[in-house]
Amino acid sequence: MHKLGKLGKPYGVLMQWGNADVSLLEALAVGAITGLVTALTTLLLATRFLIPNMKRLAVSWSRINLNDLLVTVHVAPWQTESRTHLKPINSLVPWRTLLDQVAFDPATLHPKAAPQIQEISLSTIIGSRARRPLALSLPALLIAPYHSMGSPIDAKLALAQISSVAGSAVVSGPGPYLPAQRAYAEHWILQWHLGQPGPSREMIQLADMAEVSLGQKSRKTTPAKNHKRLPLRVKRWSAHQRPIGLGASSLPQLLSQLRRGNPDIPVGVKILASQHLETDLAAVIQWAPDFITVTGSEAQRNSDLSDQFGIPTAIAIKRARDWIDQHAMSHISLIASGGIVSAADIVKLLALGANAVNIGPHLPWAVNQENEASLDIGQMALQGSRWFDATAKNMRVILQSLGLEDLGDLDRSVLYARTNQAAGLLGIPAAQPPSQGRLAVQLTALIDEYQRLISSLQRQVTLLQPQAVDSRHA
Amino acid sequence: MKTHAVVLGARFGGLAITSWLRRLYPAEELDITVVDRWQDAVYRPGLVHAMDQPGLNVAKKVTMPLSSHWKKLRITPIQDIIVQIDPDQQKVYTATLPPISYDVLFMATGTEPGWDRIAGLSPRRGGVCEAYQARHTAWQRQSWSQGHFVFAAGPIIGSPQWEPKISVGCECPLLESAFLFERWLVKQQLRTKTQISVMTAGSSLAENSSPRVRQQLTRLMAQRNITVYTNVQFERVTDHDIFIKGERVPYDRSVWTAPMKGPSWLTNTKLDDGYGWIPTNNYMNHVRYPNIYAVGDGTSHPWPKMGHSAMVQSRVAVHHWLAKQKHRKLPAPFHPYLVWMLETGDSHSLFSITNMFYGGTTDILYHGLWPAWIKRAFQRSYVWSHGSLPIMP
Ligand SMILES: Cc1cc2nc3c(=O)[nH]c(=O)nc-3n(C[C@H](O)[C@H](O)[C@H](O)COP(=O)(O)OP(=O)(O)OC[C@H]3O[C@@H](n4cnc5c(N)ncnc54)[C@H](O)[C@@H]3O)c2cc1C
């Protein structure tokens, strides 16, 4: 119990706050200080982040939710300069995704000294058993936003150009086939939605990898067509109608069509991460895919119901990796998709078990360009390349801090959970004792701080009192 | 019945072919279809200014939107990737569209960058050969502060039958890039902090020019303190080292012209020489198919792989076809010669016309201001006219 000082005595009104007894005056003083600090912080944020990005925010407002907005604000500076810091105001973002509840455990004295940053490799191989596996210098497969309002074609072409200079690959994505997209991209991934009429043999031959995305039929003819508020990825999934493996004959047909069309390249399947993920994996595995892409619930926030479907990307990857390893299928590459916006996100997902990630739809420059008529393909490509350049650098910085030289060395031991919830869900150690939640810890720290402040004020008041008496006598 | 000419490729060669065809044949007499994977054409010689000008400007200045041009010339454009040609059925196949039938076929499909020919090489190592690469290279150059900058030209994977032998395809832009970068560094007061190297698979600098041109170039390189490696056999490239036979060269940044090879899709047709190159006679007529012509970089010859050659060959090809059709006197065949306007920075260019490498005696060389002015004027009018210059070479 906190011992009351002189200051609180005359008022005699006590308040219970956490495990501390506080007088009304103390509470008012604390309130005033808190208000001041909040006002100052807001002012600082406004000048540092909000005002410079006002235009960006304005165009983002109608399209993305509050979390995305905060992310936009703090990622925006990367577009113009390749800063190497990570998420400067991350602490103000209330856990954007489950991944934010995970942090890296840096190498200190143990396990080993950090390697030279230049020597760190970000390369990865997808579909190692294919005759022509996909070798990437950056484990990010670029994909354009699905619901572009501006020119989705420009976005696709810009992403293709970015993928070539970044050493990654571009996913053809939905919409019409674009010859220029293929021509720009060093590595082009043909994505085909189940339900679409099959791609031409020639198109398949142009691809470096092919992916069947379950299960888009024409949205006009799907049972989900009237559910306007359903997220796109769920509509696609429900369009598939029947559970995979139980009569969805067109999936194996499409896979074998792709294989016949181009027997050299990796062929895989993209699935929605559901609570029965393992059953889906078991079904997909029958058709011997070279890779599986798992889309988590953070993908495509295109409706207010988005977050209500499926499981988060991080959990999906953890579970999918566990399942794949348990079934001795580690030759099947695992690709994470959904809500990935930073170098830290990529490295965390790789540590959780992914071999590569889909990235693009959530990137602020990719989202915002839709509304910025003035941004042409060239400008978009340049902004995107800068972003990827900075992201690759940041990934190297993270690996260096973990004492690793290669992405292949990543595993879950480099991660720890900032919350017990994340620890439980992802099977990684928690940073704090089980009973205390994050909010409780912060509140306790705040109260401690105030208590220190109050006692120092009391000391000063005590010091001032005898001095006043002395001077009267002088 | 109207004749149908199909032109494959719409850059130096393809644009010159369409221009000549329309000059010689009215739309009532000849239907022309042009197929290319791009919607716009790029005047690539201008891309070397990625080394001394802002990238976005450079790319914009050299991009030629073609749709109104095609409309004006009454030409049907098709944007798709060509995957197959059946010369017996006289059909061109693209990735997604129905086959295109032709009466006469003009091929100007150039070469393919052989990034995969050197381990670790890819477009991300830097380059100026496409607009998006040049833009990116320019942006990277702007943040350059110090270190070793390498300009590297990969080999040409030609046919063993070529005589005289050439070991590199397109070195000109690389040398220009190095010179322009050097001058830019001087202006930025970064020259003393930068080591510049030029590495070429060529047996010497500008191997298909003349001894005088080579000497002049070597002298210029030495004056500018640029280290030159010739006859380079590239083995492997990593983020920090270029491994050439017997040597590891550490570097910080690079600009490459990729190894040059014949397009791989051509090897599935009956048209190539077995190595992806299209064999023609000196009238640019295919050696086996009289209604097929090929011009430019993709032909199976050790001739200069230059825009100028592609334009001259286009004139020869179209006039040859016209002469055959209308039973006229055949035009003069193509004789290879090199025309260079190599920018050396400070608004100077090295101008040379020579055919000595190909057994001739012409050897003109001049280094100064006016070749640079001519080059600039040529670029402006080329881009303005979409490659259909009032006076064609
Ligand atoms: C940076 C740079 C600077 C240069 N500077 C000079 C210079 O100063 N002077 C000079 O004379 N030369 C210069 N050159 C060389 C010159 O650009 C080439 O020699 C010239 O472009 C060759 O013309 P082309 O028509 O044969 O082929 P290309 O220009 O390569 O054109 C081929 C066209 O065919 C299309 N195509 C190919 N395959 C397919 C397919 N499967 N499907 C659909 N379309 C296809 C391509 O998209 C392309 O548009 C330079 C080259 C570069 C890269």
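What follows draws every value from the coordinates through simple rules; no lab data is involved. Keep in mind the model is a prediction, meaning the values are calculated, not measured. Please note: Cβ atoms are built from the backbone with ideal geometry, for glycine as well, and neighbour counts cover all protein chains shown.
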In debye, nearest 20, what is the charge dipole magnitude of segment B:196-301 about its Cα centre with +1 on Lys and Arg Cβ and -1 on Asp and Glu Cβ, if you could check?
280
Mean separation of Cα contacts under 8 Å (at least 6 apart) over the residue count of chain B, i.e. the relative contact order in percent, is 19
When chain B is treated as a GNM, springs tying every alpha-carbon pair under 10 Å, which of B:SER300, B:SER204, B:SER381 comes out with the largest mean-square fluctuation?
B:SER381
Let me have the 222 nm mean residue ellipticity of chain B computed from DSSP H runs of 4+ only, each contributing -39500 (n - 2.57), with the sum over all residues rounded to the nearest 500.
-8500 deg cm²/dmol
Please list the non-local residues whose amide H lies under 5 Å from the amide H of B:LEU121, H modeled 1.01 Å from N, same-chain partners needing a gap of 5 or more.
B:VAL237
Sparse-neighbour loop sites [chymotrypsin sites (Phe, Trp or Tyr not before Pro); segment B:139-195; at most 14 other C-beta within 10 Å; DSSP]:
none
Non-local residues with an amide H under 5 Å from the amide H of B:LEU338, with H modelled 1.01 Å from N and Pro and chain starts lacking one, are B:THR354, B:ASN355
Quick check for me: using +1 on Lys/Arg Cβ and -1 on Asp/Glu Cβ, what's the dipole size of segment B:115-260 about its Cα centre, in debye to the nearest 20?
460
Going through A:LYS270/A:LYS393; A:LYS318/A:LYS348; B:LYS165/B:LYS305; A:LYS348/A:LYS393; A:LYS270/A:LYS318; B:LYS91/B:LYS270 one by one, the pairs whose alpha carbons sit over 18 Å apart turn out to be A:LYS270/A:LYS393
Low-density loop trypsin sites (Lys or Arg not before Pro), segment B:222-260, at most 16 other Cβ within 10 Å, DSSP non-H/G/I/E/B, are B:LYS245
Residue separation between B:ASP86 and B:ASP363 times 0.36 nm, minus their alpha-carbon distance, gives in nm 95.5 nm
How far is it, in nm, from the label point at B:ASP239 to the one at A:ASP264 when both lie 7 Å from their Cα along the line to the Cβ?
2.8
B:LEU190 versus A:LEU443, label points 7 Å from Cα toward the beta carbon: distance in nm?
5.5
PRE zone check, label point 7 Å out along Cα-to-Cβ of B:SER203, amide N under 13 Å, scope segment B:349-369, hits B:357-359
Using the beta-carbon distance between A:ASP322 and A:GLN253 and R0 = 30 Å, what value does 1/(1 + (r/R0)^6) give for FRET efficiency, to the nearest 0.05?
0.50
Rounded to whole angstrom, the alpha-carbon centroid of segment A:180-195 lies from that of segment A:376-394 at a distance of 20
Take B:THR227 and B:HIS327, extend 7 Å from each Cα along the Cα→Cβ direction, and tell me the distance between the two endpoints in nm.
6.7
What are the extents of the Cα atoms of segment B:163-271 along their three principal axes, listed from largest to smallest and rounded to whole Å?
55, 36, 27
Residue among B:LEU350, B:LEU190, B:LEU21 with the largest mean-square fluctuation in a Gaussian network model of chain B, springs linking Cα atoms under 10 Å:
B:LEU190
So if I take the centroid of the Cα atoms in segment B:222-256 and the same for segment B:20-85, what is the distance between those two points in Å?
35
What full-extension length gain, to one decimal in nm, is calculated for A:ARG131 and A:VAL461 as 0.36 nm per residue of separation minus the Cα-Cα distance?
110.8 nm
Hey, in the GNM for chain B with a 10 angstrom Cα cutoff, which one of B:HIS301, B:HIS240, B:HIS286 fluctuates hardest?
B:HIS240
Charge dipole magnitude, Cβ of K and R +1, D and E -1 - chain B, Cα centre, debye nearest 20
860
If you filter segment B:201-302 for chymotrypsin sites (Phe, Trp or Tyr not before Pro), then keep DSSP loop positions with at most 10 other Cβ within 10 Å, what is left?
none
